[in-house]
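K.L.:
Mind looking over this structure? Questions follow.
The values are calculated or read from the model by the stated rules, or taken from the named source; none is laboratory data. As the structure is a computational prediction, the values presented were derived from the model and not from experiment. Positions of Cβ are generated from backbone atoms using ideal geometry, with glycine treated the same way; all protein chains shown enter the neighbour counts. Side chains included, ligands, DNA and RNA excluded: accessible areas come from the protein's heavy atoms. Shrake-Rupley method; radii C 1.70, N 1.55, O 1.52, S 1.80 Å.
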Amino acid sequence: MNIHWFLPTGGDSRDVLPDEPGAHWRAPSLDYLAQVATACDQLGYEGMLTPCGTMCEDAWLSTIALASLTRRIKFLVAFRPGFLSPTLAAQMASTYQRLSGGRLLINIVTGAEPRELNRFGDWLDKDTRYARTGEFLRIVRGAWSGEPFDFEGDFYNVAAATTRQAPDPLPAIYFGGASPAAEEIAAQHVDVYLAWGEPPDMVSERLDRMRARAAQAGRVLRYGIRFHVITRPDASDAWAVADDMLAHMSPEAIASAQADFAATMSEGQRRMAQLHAQAGSRLEIHPNVWAGIGLVRGGAGTALVGSHAQVADRIAEYHALGFEDFILSGYPHLEEAYWFGEGVMPILRDRGLLAPLSIGSDDALVSSFR
C-alpha cells in the first residue's frame, strides 16, 4: 500500500476551524510547508496531496518550490481541468517530472460548489464539467504519447498536441467523484479512483460498482481513500484529542456548515453529511472511525481515531476491501505526521503491508535545481 499525507497550503491549526476563538493559526509560509514536507519525506510517506481552490496557495507553484528541499517524496498536485488548456497541462506535468526527478502525481478535481467555480468564470453544470474532463484527459494522454495528437470534441479542438519530451514516468492520475457522471469518467480515463472515508459497508458498494464500470471499459483501476487521523500510544489519549477538537466547534459554526452541506450539489459531500444521521453521541460510525470533523469541514469529514495498533487495524481492514492508496491528514499536520509516521507506519511495515523504510543518505538528494 501507499501512505500519503496532506500539504496544508491553506494554513494549519490545532483546530478544525482555524478562525474559531483561541485557535492556533499557522500561515502556509514556505518555511512551514517545508517543515511538513521534509518531515514526511524523512518518515517515509509516499506522497503529499496538495489541494486546489481560492482558499489555498497554488498547488503547482507550492510543490515545485518544495521539490528541491526534499529527496524522494512525491507531490499529488490537485487542479481543476477546465481552467487551463490540456496541452499546457501536459507540458507543465512533463516539465515538472524532469525538474523533480519524476515525483509528480496528478489529482483531477472536477467538482466544486458553484460559488467557487464562478470565481474562475466556470458556469457549466456538473454533467457537462465531467464530459469536459473526459476530453481534457484524452488530450493530456495524447500529448504525452510522444506523437502529435489531433482531437476535435465538444470542448476542445487541438492539432498536433505534444510536449518537448514525454514525462518519464507518466504521472499517475488520481480522481474522485461519487456521481454517475464522475464514476463513468473514472472508469474510462484515470489510474486511481478516490473515495472519502466512509464505513466499510457503505464504501464497499462503490468499489464493487467501480470495478464493474472499469471492467466494462476494459480497464483495471487502483483505489484510494481519504481520512484524517488522530493516533496515540493509548486510545484514550487519542479520543481526548478528538473530544477537545469537538469542544472547539461552536454550535453556530456547526449549524452554518450543516446548512451549507444540506444545499450542496456534491454527491460525495451529501454522503459525508449523511453519516451524522447514523452516528451516536460519540460520532463513531464504525470502530475507530469518527465523523466529528465533518460537522464543520467540507470534503473529507472522517478520522481514524485510536491507539497506533487500532488505527493500523482499521487501515488493514480498508486495505482488505481493495484500497491501496491512503491519503491522510491531521491537525496540526506537522505533529500528526510524526504521530502516525512513528507510531502506525512501523506496525504496518511489521505486518508486511508497507514497504521497508528507505530514505538514503544526505548525498542522495535528487534534484535538478542544484
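K.L.:
Assigning unit charges at the beta carbon (Lys, Arg +1; Asp, Glu -1) and nothing else, what dipole magnitude in debye, to the nearest 20, does the chain show about its Cα centre?
P.N.:
Details: 32 positive and 45 negative charges, 166 e Å.
The calculated dipole for the chain is roughly 800 debye.
K.L.:
Mind checking the full-extension length gain between L353 and T54? Use 0.36 nm per residue of separation minus the Cα-Cα distance, one decimal, nm.
P.N.:
Values: separation 299, 0.36 × 299 = 107.64 nm, distance 3.68 nm.
Stretched fully, the L353-T54 segment lengthens by 104.0 nm.
K.L.:
Quick check: convex hull over the Cα atoms of the chain, volume per residue in Å³, rounded to an integer? All intermediate terms of the calculation are to be shown ahead of the outcome.
P.N.:
Values: hull volume 50.0 nm³, N = 370.
Taking only Cα atoms, the chain has a hull volume of 135 Å³ per residue.
K.L.:
Tell me which of T162, L124, A238 sits at the most positive position along the dipole axis of the chain, charges placed on C-beta atoms (Lys, Arg +1; Asp, Glu -1).
P.N.:
It is T162.
K.L.:
Starting at the first residue of the stretch 114-124, write each ³J(HN,Hα) from the Karplus equation 6.51 cos²θ - 1.76 cosθ + 1.60 with θ = phi - 60°, in whole Hz, x for Gly and Pro.
P.N.:
Once θ is set to phi - 60°, the couplings for the stretch 114-124 become x, 5, 6, 5, 5, 4, 9, x, 9, 10, 6 Hz.
K.L.:
At q = 0.16, 0.28 Å⁻¹, what is the base-10 log of I(q)/I(0) for the stretch 300-357 according to the Debye formula with one equal point scatterer per Cα and no solvent? Please give it to two decimals.
P.N.:
Treating every Cα as an identical point scatterer, log10 I(q)/I(0) equals -0.48, -1.42.
K.L.:
Run the quick spin-label model on D244 and L88: label points 7 Å from Cα toward the beta carbon, then report their separation in nm to one decimal.
P.N.:
4.5
K.L.:
Run the simple label-point estimate for T38 and T128 please: 7 Å along Cα→C-beta, distance reported in nm.
P.N.:
Distance between the two pseudo-spin positions: 4.8 nm.
K.L.:
Which percent of the accessible heavy-atom area of the chain goes to carbon and sulfur, probe 1.4 angstrom?
P.N.:
Details: 8030 of 15270 Å².
So the carbon and sulfur contribution to the accessible surface is 53 percent.
K.L.:
Quickly rank 67-78, 87-98 as a protection proxy: mean count of other C-beta atoms within 10 Å, highest first.
P.N.:
Working: 67-78: 22.3, 87-98: 19.6.
Listed from highest to lowest mean packing, they are 67-78, 87-98.
K.L.:
Also, quick follow-up: For the stretch 120-216, just list the percent of Cα-Cα distances falling in each 10 Å bin from zero outward, please.
P.N.:
14, 38, 34, 13, 2
K.L.:
Once amide H atoms are built 1.01 Å from N in the peptide plane, which residues 5 or more positions from I230, or in another chain, come under 5 Å H to H?
P.N.:
L304, V305, G306
K.L.:
From the phi angles alone, apply the Karplus equation (6.51, -1.76, 1.60; θ = phi - 60°) to the stretch 72-89 and give each ³J(HN,Hα) in whole Hz, x where the residue is Gly or Pro.
P.N.:
9, 5, 9, 10, 8, 8, 8, 7, 9, x, x, 9, 8, 5, x, 5, 5, 4
K.L.:
Each residue of the stretch 337-350 in turn: what ³J(HN,Hα) in whole Hz from Karplus with 6.51, -1.76, 1.60 and θ = phi - 60°, glycine and Pro shown as x?
P.N.:
4, 6, 4, 6, x, 8, x, 9, 4, x, 5, 5, 5, 4
K.L.:
Probe of 1.4 angstrom, ligands and nucleic acids ignored: what's the accessible area per residue over the stretch 293-333, in square angstrom?
P.N.:
Details: 840 Å² over 41 residues.
In whole numbers, the stretch 293-333 has 20 Å² accessible per residue.
K.L.:
Once amide H atoms are built 1.01 Å from N in the peptide plane, which residues 5 or more positions from D325, or in another chain, come under 5 Å H to H?
P.N.:
For D325, the qualifying residues are N2, Y223, G224, I225.
K.L.:
Using helices alone, what [θ] at 222 nm do you get for the chain, with -39,500 (n - 2.57) per DSSP H run of 4 or more residues, divided over all residues and rounded to the nearest 500?
P.N.:
Working: 13 runs with 153 residues, N = 370.
Dividing the helical sum by the residues of the chain leaves -13000 deg cm²/dmol.
K.L.:
Also, quick follow-up: Tell me which residues come under 5 Å, amide H to amide H, from A78 once H is placed; ignore anything under 5 positions away on its chain.
P.N.:
HN-HN under 5 Å from A78: T50, N107.
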